[in-house]
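The structure appears right after this line, and notes come after that.
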Amino acid sequence: MFISVLDLFKPGLGPSSSHTMGPMVAAARFLDLLRNSAFTPAGVSVSLHGSLAFTGKGHATDRAIILGLAGVTLADYEADKAEELLARIASTRQVTPEGLPPLAFDPERDVIFDFDRPLEGHANALEFYARDAEGDVVLRQIYFSIGGGFVLSAEEHAAGGDVAPGKPVPFPFKTAAQMLSMCAAEGRSIAELKRANEISRIGGVALHEGLDRIWREMSDCIDRGLAAEGILPGGLGVRRRASALARGLNDERGRNQPQPHLAMDWLAAYAMAVNEENAAGGRVVTAPTNGAAGVVPAVMRYWLDHVPGASTARVGEFLLTAAAVGGLVKHNASISGAECGCQAEVGSAAAMAAAGLCAVLGGTPEQIENAAEIALEHHLGMTCDPVRGLVQVPCIERNGLGAMKAVGAASLALRGDGTHFVPLDAAIETMRQTGRDMSEKYKETSLGGLAVNIPNC
């Protein structure tokens, strides 16, 4: 099992890694299929199923797919150009991706929200169709958006693998128990194991540059969120709060008797800044998803800005440790809210952040594993019930509270010697089972919970 830190943490587009980024990636993959097909396509369409159907509008899934079928990728997305392109497609009713003939595509008719027919395999399912000039289907393909921007074809999903095998890594581990055993046998930290595995695949220079880029993107996102004001899009009238929170905290600097919880308020401001940017459709880093993107960067900024002795020289250690834990959760359970509820998103993020913070504060591998377990255990059962399918309520505040839990979990673990009753592997498996048993109403469908118990307008 190897999931690169550069895949788990990757720049992307809000408001959702599974409902925005993943569908855009799936559209690009379908275009590649068409380019390699023996048939000449004349038109395309797509149907959305499961969670993608129920909350796709609020998550801008249709918008992402339209842009993806027009050839726009996450790497070259520009907001102003995207709006112009969307208007042109609505007017001409066709897309013109590179390497293919103009394809008939009416956004109103050819993006179908199918609420009645979930596709077996995953809750986030898309089915693309290509038709010839006579209207006959010449190619169809199902994709699953499995969380964090990762996408599988139906065939890849059936084969049971979501990570390319690649060449063997020096320290392969599929469980936390194996990871701790290797740390003890090799006399290495979790970050050192993860670093060696990464270097064996992508090389030291690419890893170093990638880690720097990840933190730079995360930090820039926090700064943008702390500076931005106004009402978030979507119709709920949710006002950005991070900037006002930061201003108030800055005004309190220098007071003779600051509140002892002041740093926790900063922690919330950092996390909410990121998730307000995400809710606005801005650029964020999956950590491990967009819906939970604020937790890890908030804890990192908290450490750098408020903890004596913190240094950017150890940012890589934080990210590598967090990625090791995130990879275990993704491999053995899920990071998808549509599959396992918010325990899989904010819960996973809190476990990752707790592990990273514990590592840079001098924790042993056993203490780090304990920190991750504490954070995940106390998110078990958390539902995903976004109001009107928007990644705003309760998602934005929830990231702030997840960051607080991560800091508390790391601190608690550091007060012990690493021995504890519940292993991280057991918490991960419990999360998987809980997600399996959870009602679909509470797994990113907006059919239960807060989504139906407060006004939607």
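The values are calculated or read from the model by the stated rules, or taken from the named source; none is laboratory data. If you're wondering where the values come from, they're calculated on a predicted model, not measured in any experiment. Here the Cβ positions follow ideal geometry from the backbone for every residue, glycine too, while neighbour counts run over all protein chains shown. In case anyone asks, the SASA skips ligands and DNA or RNA and just uses the protein heavy atoms, side chains included. Shrake-Rupley method; radii C 1.70, N 1.55, O 1.52, S 1.80 Å.
In whole percent, and with a 1.4 Å probe on the protein chains, what portion of the accessible area of region 15-69 is carbon and sulfur? Intermediate results must be reported in sequence, preceding the final value.
Details: 800 of 1400 Å².
On region 15-69, the fraction of accessible area on carbon and sulfur atoms equals 57 percent.
Please compute the modelled spin-label separation between Ser91 and Glu156, points set 7 Å along Cα→Cβ, answer in nm with one decimal.
3.6
Over what distance in Å are the Cα centres of region 388-457 and region 186-235 separated?
22
Along the three principal axes, how long is region 86-205 when you take its alpha carbons, biggest first, rounded to the nearest angstrom?
Over region 86-205, Cα extents along the principal axes are 65, 36, 25 Å.
Please give the helix 262-279 orientation as an angle from the longest Cα principal axis of the chain, in degrees from 0 to 90, rounded to the nearest 10.
The answer is roughly 10 degrees.
How much of the accessible area of region 305-372, in percent, comes from carbon and sulfur atoms when a 1.4 Å probe is used? Could the numbers behind the result be given before it?
On the way: 700 of 1470 Å².
With neighbouring chains kept in place, the figure for region 305-372 is 47 percent.
If you add up the charges near Thr430, with Lys and Arg at +1 and Asp and Glu at -1, over every other residue whose beta carbon is less than 11 angstrom from its beta carbon, what do you get?
So the surrounding residues net to -3.
Return P(r) of region 1-102 (all Cα-Cα pairs; 5 Å bins starting at 0; whole %; ordered from short to long distances).
2, 12, 22, 22, 20, 14, 6, 2, 0, 0
Convex hull volume of the Cα atoms in the chain, per residue, in Å³? All intermediate terms of the calculation are to be shown ahead of the outcome.
Values: hull volume 67.1 nm³, N = 457.
About 147 Å³ per residue, rounded to a whole number.
Rank these residues by their accessible area, most exposed first, probe 1.4 Å: Val393, Val346. Walk me through the numbers on the way to the answer.
Numbers: Val393 45, Val346 0 Å².
Result of the area sort, largest leading: Val393, Val346.
Could you tally the net charge around Gly400, taking each other residue with its Cβ under 13 Å from the Cβ of Gly400, Lys/Arg +1 and Asp/Glu -1? The partial results should precede the final answer.
Values: positive: Arg241, Arg301, Arg398, Lys405; negative: Asp265, Glu276, Glu397.
Summing Lys and Arg as +1 and Asp and Glu as -1 gives +1.
So what's the angle, to the nearest 10 degrees on a 0 to 90 scale, between helix 346-360 and the longest Cα principal axis of the chain?
Taking Cα atoms only, the helix is inclined about 40 degrees.
In square nanometres and to one decimal, what's the mean projected area of the convex hull around the Cα atoms of region 274-410?
Values: hull surface 30.3 nm².
For region 274-410, the mean projected area of the Cα convex hull comes to 7.6 nm².
Against the longest principal axis of the chain, how steep is helix 204-227, in degrees 0 to 90 to the nearest 10, with axes from Cα atoms?
So the helix axis and the longest Cα principal axis differ by about 90 degrees.
With every protein chain present, what is the per residue accessible area of the chain (1.4 Å probe, Å²)?
On the way: 18590 Å² over 457 residues.
Computed with neighbouring chains in place, this is 41 Å² per residue.
May I ask you to rank Asp62, Asp220, Asp385, Asp251 by accessible area, largest first, using a 1.4 Å probe over the protein chains only? Mind dumping the intermediate values first?
Working: Asp62 30, Asp220 70, Asp385 10, Asp251 115 Å².
Accessible-area ranking of Asp62, Asp220, Asp385, Asp251, largest first: Asp251, Asp220, Asp62, Asp385.
Give me the percent of the accessible area of region 98-199 that comes from carbon and sulfur atoms, probe 1.4 Å, all protein chains in place.
Carbon and sulfur together cover 53 percent of it.
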